[in-house]
Amino acid sequence: SILAAGAGALATPALNLAYGQGAYPNKPVRIVVPYPAGGQTDGLGRVFGDFLTRHLGQTFVVENKAGGGGVIGVTEVKRAAPDGYNILCTISSSLIQNRLTVKDLPYDPEKDFIYLSRVAGAGGPVVAAAKTGATNLKEFIAYAKKVDKLNWGSYGIGSTPHVLIETLAKQYGLKVEVIQYRGEAPMWADVAAGTLDGASGSYAAGAPIVQSGRGKLIAVAGDRLKPYPDMPTLKEQGAVGESLDTRAFTAFAVPAGTPDEIVKKLSESLVLAGNDSKVKTVLENYLLNPPENFEATNAGFKRDTKIMLDVLTSLGVKPA
């Protein structure tokens, strides 16, 4: 039996290289987050990494590789060994929008990665500045038609708030100037100051503006928000467009070529994390849905990619 086991090991060198000595994982695993520490993506990477550490018995460490709208970190994982010890935790814009906004993108989101699981937002607030007097979408559209040009906040060409206002402008015939910011914080600050007429984004970042009265929640992009169950969604208020059905998401992925056994173990572990109390607390704070399984993740990624690329192409989005 010893000789037979030895012969079997020699017959599968690729498997030996993938797993090393013993079952996966047998050494620390890094989770690369292509954005700075302290943000939502970083928070998700750390809380899921903490669960994986407890669940799989090896340390999962977050490394922040920020820059280039996610390009630097995503590219690093693409070039990493496909052995399960390099996991990508990134947002949808780096995987979808970057295809049209970044010239000579150094990675192919569909060919270079295997997607393990993703976490999508339940819904995001659509907020009008207090000066508009609007309390719903109809009143905001009426305000927009009275002013010469609507000033709207966004945090990147092709981002969710950018596509949202362009979709509304097309439907309602609005004149809009989209102001691009480097992040949500300065964008929401200008909504509060009245420099912008409105904006949309994540619940975590936008809620303080609504709670302080410096902005008015007029609709929800996506599903209704638990803290504001009586506020209808954009679609419920008459807005139309396939892009309104998509959600910004955070995805976990590994380099293409990672062994199926490792992919299965990681994917199932990430889904299981959705039952962990620490993970649940973070998801609830950000108003995020539970992690999706392998099949739902890949089907949703394919669907959302087509919808968003079609919309962005129709808007003429190109590299800056």
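Taking every DSSP beta bridge with both residues inside the chain, roughly what % is antiparallel (nearest 5)?
Working: 22 of 38 bridges.
The antiparallel fraction comes to roughly 60 percent.
Which shape class, rounded, prolate or oblate, goes with segment 280-320 when its Cα gyration tensor gives a ≥ b ≥ c as root eigenvalues, a/c under 1.5 marks rounded, and past that a/b bigger than b/c marks prolate? In terms of gyration-tensor shape, oblate. More than 27 Å apart: what percent of Cα pairs in segment 170-320 qualify? Result for the distance tail: 37 percent.
When the pairs Lys65/Lys103; Lys78/Lys318; Lys111/Lys306; Lys175/Lys216; Lys235/Lys264 are compared against a 27 Å limit on Cα-Cα distance, Lys235/Lys264 fall above it.
Can you figure out the FRET efficiency of Glu284 with Asp148, using R₀ = 35 Å and their beta-carbon distance, to the nearest 0.05? Could the numbers behind the result be given before it?
Numbers: r = 42 Å, r/R0 = 1.19.
For R0 = 35 Å, the calculated efficiency reads 0.25.
Between Ala185 and Glu295, the simple label model (points 7 Å from Cα in the Cβ direction) yields a spacing of 4.3 nm.
Per-residue ellipticity at 222 nm from helix content only, as computed over the chain with -39500 (n - 2.57) for each DSSP H run of at least four residues, stands at -12500 deg cm²/dmol.
Counting only complete DSSP H runs, which helices of the chain cover 27 Å or more along their long axis at the Cα atoms and score a mean Kyte-Doolittle of -0.5 or above? Display every interim value, and only then the final one.
Working: long enough: 294-314 (30 Å, -0.10).
Result, helices passing both filters: 294-314.
Label zone of Arg79 (point 7 Å out along Cα→Cβ, amide N under 17 Å): in segment 93-109 this covers 104-109.
The three principal axes of the C-alpha atoms in segment 241-313 carry coordinate ranges of 37, 35, 16 Å, sorted with the longest axis first. The modelled label-to-label distance for the pair Gln58/Lys318, using points 7 Å beyond Cα in the direction of Cβ, is 4.6 nm.
The order of the peptides 63-70, 197-204 by mean Cβ neighbours within 10 Å, most packed first, is 197-204, 63-70.
For segment 238-287, what % of the accessible area comes from carbon and sulfur atoms, probe 1.4 Å? C and S fraction of accessible area: 51 percent. For the chain, rounded, prolate or oblate, judged on the Cα gyration tensor with a ≥ b ≥ c (square roots of eigenvalues), a/c < 1.5 rounded, else prolate if a/b > b/c? Here the chain falls in the prolate category.
Cross-link partners of Lys149 among aspartates and glutamates, defined as those whose alpha carbon lies under 18 angstrom from its own and excluding same-chain residues fewer than eight positions apart: Glu139, Glu166, Glu177, Asp190, Asp197. Which of rounded, prolate or oblate describes segment 13-171 when judged by the alpha-carbon gyration tensor and an a/c cut-off of 1.5? It is prolate, given that a/c is not under 1.5 and a/b is the larger ratio.
Pairs Lys146/Lys170; Lys131/Lys170; Lys27/Lys265; Lys145/Lys170: which are spaced more than 21 Å apart, C-alpha to C-alpha?
Exceeds cut-off: Lys131/Lys170.
Across Pro290, Pro109, Pro28, mean-square fluctuation computed from a Gaussian network of the chain (C-alpha pairs under 10 Å connected) peaks at Pro28.
The values are calculated or read from the model by the stated rules, or taken from the named source; none is laboratory data. Because the structure is predicted, anything quoted here is derived from the model rather than measured. Please note: Cβ atoms are built from the backbone with ideal geometry, for glycine as well, and neighbour counts cover all protein chains shown. We work out accessible area using only protein heavy atoms, side chains counted, and drop any ligands, DNA or RNA first. Shrake-Rupley method; radii C 1.70, N 1.55, O 1.52, S 1.80 Å.
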